[in-house]
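Structure first, commentary second.
We did not get these values from a lab; they are worked out from the coordinates using the rules stated. Owing to the predicted nature of the structure, the values given are computational and were not obtained by experimental measurement. Positions of Cβ are generated from backbone atoms using ideal geometry, with glycine treated the same way; all protein chains shown enter the neighbour counts.
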């Protein structure tokens, strides 16, 4: 088994375990309460689906990225957030409910917006007006298999068993171990790619992550959103489904490294950013 084969196993496993553990700790009533407190959820969806692609355009232009890297960064920004954001929200002492719902809604939003951004990016960065068919299978898989199905199973188990809440941290812990193993596998599998492309695209990835996380934290402060949901909004902005982005970009551009590189590098950047955000919010919670 190669490192790439391991990535294909660990990425959906990590997402599935995190969403399963999340579902085991919540109920329909709890999710309904999160919808009632709609502002954090609305912020996650609008910032992820609308603001982040605009920020990616700006960052690519200011950083002077090549057309291929710019295209990769744009389509990465159009991808939804990831289940790992739910785990880091928990680590931040945040409210995982808006993160969970935001994951589902941003995946749906990506289905609607990614084709538009693909054609816009092709014209703007590559000067190509020929329509390109967006591969929808990875998006449907991300929504159904990696997100909704394990979340639903966890919620059903939560409704049927009193032990679900006590088991949820264990399942999420297994998800965390899968994320750590996934990170190591990516570094091993993509080491040469990372060493070549980090100097060329890491600055843009860091800038995009920092801009969106800072905007989310600032808006939460201005709107007087309390700490648990504020942590959820901020962590949701730091994370993207880079596994999905890699699959989509590789399918569109025949695996050319320049298009896929932003997603691979951002995958490492977001883990560092999520850790820093978690430390900040945990300290704020103790204050």
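Determine, yes or no, whether residue 66 is under 26 Å from residue 251 (Cα atoms), surrounded by 20 or more Cβ atoms within 10 Å (Cβ to Cβ) and touching a residue at least 40 places away in the same chain (Cβ under 8 Å).
Here the answer is no, as residue 66 does not meet what is asked.
Mind checking which helices (runs of 4 or more DSSP H) fall wholly inside the range 175-287 and carry at least 2 residues that are more than 30 Å from residue 33 (Cβ to Cβ), over 16 Å from the mean Cα position of the chain (by Cα) and touching a residue at least 40 places away in the same chain (Cβ under 8 Å)? Please lay out each step first, then the result.
Numbers: elements: 191-222, 227-238, 242-252, 257-286.
It comes to 191-222, 242-252, 257-286.
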